[in-house]
Amino acid sequence: MNRFLLKSAALLMATFLSAAAWASPQQSAGATDSALKSPTERVLPSAPVAGHVFAFPVASKSVEAQKLVEVALDQYENVLLDDSAASARKATEKDPNFSLAYAVWSFAARRNQPNPQATLKAEQLAENAPPEEHLLVNFLTGVQKDDMLPAISSMNDLLARFPKDRHALYLTAEWLYFQQDYERSVKLMEQIITLDPNFAPAFNMLGYAKVETGNPDPAKALAYLKRYAELEPGQPNPEDSIGEVSRYVGADQQSLLHYAAALRITPTFITSQIGLGDTYTLMGEFVSADAEYRKALAIATNNRDRLHIEYQQALLLFWQGKSAAGLGKLSELEKKAHALHEPYAAFEIQEAYALLLPTSKDQLQKLREVEGAYTSPIDGMSESDRNPSLAAIWRDEVRILAKQDQLDKAHDVAEKLEKLAAKSRDLIVENCYESARGYVFYAQKDYSNASDELSADPHSPITIKLLVEARKKSGDINGAEAAELHLRFQRTPTAEWYLVNRTNISAAD
């Protein structure tokens, strides 16, 4: 076993959870009936409520601005990201000197359209904010940067002061989830629902995490999501979540029914419209899949969504056995994404294009071409997203080099990954570094160490597929079966899922 050597980061993460994960259950002071209504119906308090969002003082004296930020955080927790950013932006209009409002605005916008100006403004104004507000601002802005240490330290301190605040716990647990640390995220989410059995967002996150953890439990995952739907009646996102997780576990007809239910509630709920296309793709009903993707294009309101839908249409060509046409479509989309200045869409397209090229030589050449664009800051992409993107590119370069037995070159790339992980303290980057080492160990026929390192990358079907083989070769049959189960629940029509499910494909290809 040779786990990642950033001992200080490992100790920091233990501290990060110690203040909250083991706190004794206690009902939050601000849990009220109004918190259980749909986001558009919630009753706003006339002043900040201890234990709701603001369990601590903030610099703003504007009650309207404070209420808008409370609403923005509530909307964020309910995956209404555009609404959240809009509410926080309105709060800055009510009080242009409200640091937390700018921080929430940038935090909510980061997953669709990063706003570095709002981030900078939040940081500047935080110098005059009370200590607790300053800590939360540091976390919300810090997770968008290329070094996670300040963000982690700030949330450690905030949780130490407010160990039973369900909103602080949620932000922590969600961050861990997106860092692919599902086990610790689950622990915190379960603590939240012990504190507040009606805190709907936690049930949503638990539904996903319980199929993505190393010990997936699809029955419990769907039970959590059904509870989420009970707490948010008349909202499309619970139905969308059930539809997606149902597809993960192979219940395709249920997936279609719940996506359709979400669209009956909100006909423009685009993730459900895309979800219908994705499910039909995996069912092999390609005509229906294409029809649903076309409907999604008709209701898309931004270029990023349009490019993702067209990307899924391009992958559909591969599932139909039309690889040349699929590569042609991806090449066109790459140029289109660059022309539209959409770096997130561009990365998704470029990465898939590289993986789907027919030869290892072509794949490596494309990955090195893409690598050059991600070694420095990119306009429109946060540093916290650029780092994992670059890490994924380097991981795949190591995989191909190791397969070709070019181990010296593979080690050189792995060293760059190690430095990036040390600099960023990002768990996803760390996972890519460890799995890259796993590919090298596998090429050296050191299957025990390969298994240990490959297991660190839980969201790469190609990596998990090789983990299955490594465990089999090392004689760990039970471990191989557990990895196969984990792989089964990665069921999404991505380029990697296509590659590991092609007929007669080797996991090392």
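The angle between the Cα long axis of helix 63-77 and the longest principal axis of the Cα atoms of the chain comes to about 30 degrees, rounded to the nearest 10. For the pairs K90/K423; K90/K419; K145/K335; K210/K335, note any where the Cα-Cα span goes beyond 29 Å. In this structure, K90/K423; K90/K419; K210/K335 lie more than 29 Å apart at Cα. Computed about the Cα centre, the dipole magnitude for segment 438-509 is approximately 240 debye when only Lys and Arg (+1) and Asp and Glu (-1) carry charge, each at its Cβ. The orientation-averaged projection of the convex hull spanning the C-alpha atoms of the chain amounts to 21.9 square nanometres. The convex hull defined by the C-alpha atoms of segment 220-368 has an orientation-averaged projected area of 9.8 nm². Ranked by the mean number of other Cβ atoms within 10 Å of their residues, highest first, the peptides 142-155, 181-194 fall in the order 181-194, 142-155.
Seen from N128, the other residues with C-beta closer than 15 Å to its C-beta sum to a net charge of -3, counting Lys and Arg as +1 and Asp and Glu as -1.
Rolling a 1.4 Å probe across the protein heavy atoms gives the chain an accessible surface of 40 Å² per residue. Only one residue of N128, Y353, A118 has its Cα farthest out toward the positive end of the dipole of the chain, where Lys and Arg carry +1 and Asp and Glu -1 on Cβ, and that residue is Y353.
Over 26 Å apart: what share of the alpha carbon pairs of segment 366-509 falls there, rounded to a whole percent? When every Cα pair of segment 366-509 is considered, 22 percent fall beyond 26 Å. Each Lys and Arg Cβ is given +1 and each Asp and Glu Cβ -1; about its Cα centre, segment 175-304 then shows a dipole of about 120 debye. Only Lys, Arg, Asp and Glu carry charge here, each on its Cβ (+1 for the first two, -1 for the last two); on that basis the chain has a dipole of about 280 debye about its Cα centre. Based on the Kirkwood approach, the hydrodynamic radius assigned to segment 172-252 is 12.4 Å, with every pair of different Cα atoms included. Of the residues V245, S272, N302, the one whose Cα sits farthest toward the positive end of the charge dipole of segment 228-308, with +1 on the Cβ of Lys and Arg and -1 on the Cβ of Asp and Glu, is N302. Classification of segment 290-386 by its C-alpha gyration tensor yields an oblate form. The axis ratio a/c (a ≥ b ≥ c) is 1.5 or more, and b/c is at least a/b.
Other residues lying with their Cβ under 12 Å from the Cβ of P218 contribute a combined charge of +3, Lys and Arg counting +1, Asp and Glu -1. The helix-only estimate of mean residue ellipticity at 222 nm for the chain, built from DSSP H runs of length n ≥ 4 each weighted as -39500 (n - 2.57), is -22500 deg cm²/dmol after division by the residue total.
The values are calculated or read from the model by the stated rules, or taken from the named source; none is laboratory data. From a predicted model like this one, the values you see are computed outputs, not experimental measurements. Neighbour counts are summed over all protein chains in view; Cβ atoms, including those assigned to glycine, are modelled from backbone coordinates with ideal geometry. All accessible areas refer to the heavy atoms of the entire protein, side chains included, with ligands and DNA or RNA removed. Shrake-Rupley method; radii C 1.70, N 1.55, O 1.52, S 1.80 Å.
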